[in-house]
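*Asks:* Handing you a structure now.
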Amino acid sequence: MVTTESAHSQASARPAPPWFLLQISARRERLVARVVEEIVANEAVYREHRVGAELYEIVEANVTALLAELCGGPESAAPAQWAGRAKAENGISMASLLHAYRLAGLAVLSDIREVTAGTNDTDAVFGAVSELWQILDRYSMLAVDAYREVVDAKERRSGQSSRLHLLALLSGTAHPADSEQLLGLPTPGWYTVLVAALGGSGYDATPDAGITTRGATAVWTFDAGMHTGIVGARTREGLEAALDEIAAHAVTRTGASRPFERLAEAPLGAVEARRAMRCLAPDSRELSRYGDLPLELAISAGPDVAQQLTASVLGGVLALGEAGARPLLATLEAWVAAGGSTADAARLLHCHRNTVLYRMQRITELTGRRLTHPAESAELVVALRALRLQGDTASAEAAPFSSER
């Protein structure tokens with residue numbers, strides 16, 4: 001147990017601060033003015049920014065705390081945190097913040113040299129200088145942490161504001177005036193609305209992740225279980241280049257609207273982008289642009305159209321179950337891909353031409369539609385596309401069949 005008397009003895013035993021630090025502390029106002037002068041002279045931003053009015057008070061608080069610690073006083077965090085917050089709130093760079101601390105350290109070091117010139121207090125001076133830089137390192141870290149907290153909070157507020165404005169713009173409830181500036185989009189420019197489905201994880205990056213096309217900008221929100229955003233570029237060519245890059249790196253099915261020049265058209269773009277996405281199979285990793293797949297666009301226009309088409313046209317085939325329907329659907333896919341050539345379809349399937357003919361005959365028997373009849377074959381193709389959009393033919397498309405002779 002430490003008695004009052006022993007605690008008093010320990011306090012009394014604490015070495016007194018070096019005389020030169022006491023002398024520098026006594027003329028603190030001169031040192032503060034010198035540090036402010038050095039900062040303003042070396043950092044133009046302080047001459048042009050309103051934080052200059054607050055600079056003297058910030059420097060005074062930090063220098064006072066610094067000298068107090070050098071003289072044996074308690075550690076202080078508040079002045080450094082104030083400096084970090086003030087610089088971040090006023091948009092002054094972190095590099096300028098850290099440079100200011102270095103200039104303050106050099107000013108104190110200069111004062112120590114000036115006061116101790118011609119004396120023999122080498123050890124005391126060395127110890128004070130070493131402690132000076134240690135304290136400044138801690139102040140710098142405290143200031144940087146406070147700076148980052150402010151910047152992070154700003155980014156969160158800015159991101160939330162952008163997302164809310166984007167949702168309002170896409171729904172037609174926001175006035176498009178100044179939307180380019182609010183969303184960070186180029187103006188004037190060309191724009192496209194994009195929507196992208198989420199993958200299995202539910203945490204997919206936005207479709208423009210890693211985009212390198214110069215002059216292209218994207219802003220995103222999360223709406224109705226999918227990524228929704230606007231991509232903009234100053235020129236139509238720049239927008240096309242950005243879309244090509246997004247298409248090359250798509251990880252889920254993604255839809256894009258037709259390009260437009262006025263953000264007032266964004267609500268229509270949102271409708272087009274969703275329709276374009278529905279033109280792709282659920283497991284697709286492609287970009288579909290509105291109008292590129294007119295047949296699929298027509299099929300996906302109504303919520304029940306695809307199911308009704310497959311049931312009415314391919315019902316007999318699907319009734320065979322997966323094992324029976326799969327080779328017939330794969331043959332129909334290959335025949336369509338081969339442009340109606342039986343021989344080419346056989347090569348795609350790695351089977352004999354007679355196998356293709358047999359399966360085509362079975363399709364005719366089960367559906368009542370002939371592949372040799374234009375109108376009837378068109379119904380089969382449309383129904384097959386409808387089935388693909390429901391995600392039921394992925395396995396049939398992917399797996400080749402051995403020859404059946």
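The values are calculated or read from the model by the stated rules, or taken from the named source; none is laboratory data. The shown structure was predicted, so the numbers you read here are calculated from the model rather than taken from an experiment. Neighbour counts are summed over all protein chains in view; Cβ atoms, including those assigned to glycine, are modelled from backbone coordinates with ideal geometry. Just so you know, the surface numbers come from the protein's heavy atoms only, side chains and all, with ligands and any DNA or RNA stripped out. Shrake-Rupley method; radii C 1.70, N 1.55, O 1.52, S 1.80 Å.
*Asks:* Of 146, 124, 153, which residue is under 16 Å from residue 95 (Cα atoms) and part of a helix (DSSP H, G or I)?
*Replies:* 146
*Asks:* Within the group 370, 359, which residue is closer than 18 Å to residue 318 by Cα, at pLDDT 90 or above and among the basic types (Lys, Arg)?
*Replies:* On the way: 370 fails: at pLDDT 90 or above.
Exactly one of 370, 359 is closer than 18 Å to residue 318 by Cα, at pLDDT 90 or above and among the basic types (Lys, Arg), namely 359.
*Asks:* Tell me which residues, restricted to the stretch 85-112, are among the charged types (D, E, K, R) and more than 19 Å from residue 37 (Cα to Cα).
*Replies:* Result: 85, 89.
*Asks:* OK, next. Do we have residue 359 as farther than 25 Å from residue 300 by Cα and open to solvent by less than 40 Å² (accessible area, probe 1.4 Å) here?
*Replies:* Yes; evaluated as a whole, the condition is true for this residue.
*Asks:* Consider the stretch 228-243. How many of its residues are of a type outside the set (Ser, Thr, Tyr) and closer than 14 Å to residue 257 by Cα? Reasoning before the result, please.
*Replies:* Residues of the stretch 228-243 of a type outside the set (Ser, Thr, Tyr): 229-234, 236-243.
Narrowing the set further to residues that are closer than 14 Å to residue 257 by Cα leaves 229-232, 236, 239-240, 242-243.
Here the count works out to 9.
*Asks:* Continuing with this model, one more query. Regarding residue 143, is this residue open to solvent by less than 60 Å² (accessible area, probe 1.4 Å), modelled with pLDDT of 75 or more and not assigned by the TED database to the domain that holds residue 105?
*Replies:* When the stated conditions are applied, residue 143 does not pass them.
*Asks:* Here is a list: 95, 80. Which entry is of a type outside the set (Asp, Glu), free of Cβ contacts under 8 Å to residues at least 12 places away in the same chain and within 19 Å of residue 148 (Cα to Cα)?
*Replies:* 95
*Asks:* Please work out which residue is nearest to residue 311 (Cα to Cα), limiting yourself to the stretch 326-347 and to residues that are touching a residue at least 24 places away in the same chain (Cβ under 8 Å) and of a type in the set (A, V, I, L, M).
*Replies:* Restricting to residues being touching a residue at least 24 places away in the same chain (Cβ under 8 Å) and of a type in the set (A, V, I, L, M), the top hit is 329.
*Asks:* Please work out if residue 348 is in the same structural domain as residue 363 (by the TED database), in a helix (DSSP H, G or I) and open to solvent by less than 30 Å² (accessible area, probe 1.4 Å).
*Replies:* Considered against the rule, which asks whether it is in the same structural domain as residue 363 (by the TED database), in a helix (DSSP H, G or I) and open to solvent by less than 30 Å² (accessible area, probe 1.4 Å), residue 348 comes out as no.
*Asks:* In addition: Just to verify a result, which residue in the stretch 163-198, among those that are in a loop (DSSP other than H, G, I, E, B) and of a type in the set (Val, Ile, Thr), is surrounded by the most Cβ atoms within 10 Å (Cβ to Cβ)?
*Replies:* Top of the filtered list is 187.
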